[in-house]
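The values are calculated or read from the model by the stated rules, or taken from the named source; none is laboratory data. Keep in mind that this is a model prediction, so the values were computed, not measured. Cβ coordinates were reconstructed from backbone atoms using ideal geometry, including for glycine residues, and neighbour counts include every protein chain displayed.
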């Protein structure tokens, strides 16, 4: 177990689990989940999820891991000297998959407009709306170092 502080680019897994709050029950009716029970069991469910995730990663990558502490476990056998190379690969994958740009938002917004609306009649309005969303902070990216306002 390493006690060294984490550094930017250090490979890690960060995941979220979403639970649909409306499910069809055995009688065919839709019902919501009991929030009190869900909240009460969230920590245990999180621990089970983390244990399964660690097992799947270890199995699929063929690596061994150290003892888990607070849900985190270090991969055994990765030398500190290898970390910059691993971090470069991780960062390259992130850069490749994280191309969330102003143009991407605009394209999605334009795709929501009904086909019968003339595109030339809405471009200015779409630009205004997308600028508003991006400047408000309501939209986010996994690469926050990319400034959406620097698109021109």
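Looking at region 18-33, which of its residues are surrounded by 10 or more Cβ atoms within 10 Å (Cβ to Cβ) and either at pLDDT below 85 or under 17 Å from residue 69 (Cα atoms) (or both)? Result: 21, 23, 33.
Hey, any hits in region 58-74 for a residue that's surrounded by 12 or more Cβ atoms within 10 Å (Cβ to Cβ), out of contact with any helix residue (DSSP H, G or I) (no Cβ under 9 Å at 6 or more places or on another chain) and at pLDDT 80 or above?
Yes - at least one qualifying residue is present in region 58-74.
Annotation for region 40-52: at least one member residue is in a helix (DSSP H, G or I), loosely packed, with under 10 Cβ neighbours inside 10 Å and either touching a strand residue (DSSP E or B) at 6+ places or on another chain (Cβ under 9 Å) or at pLDDT 75 or above (or both).
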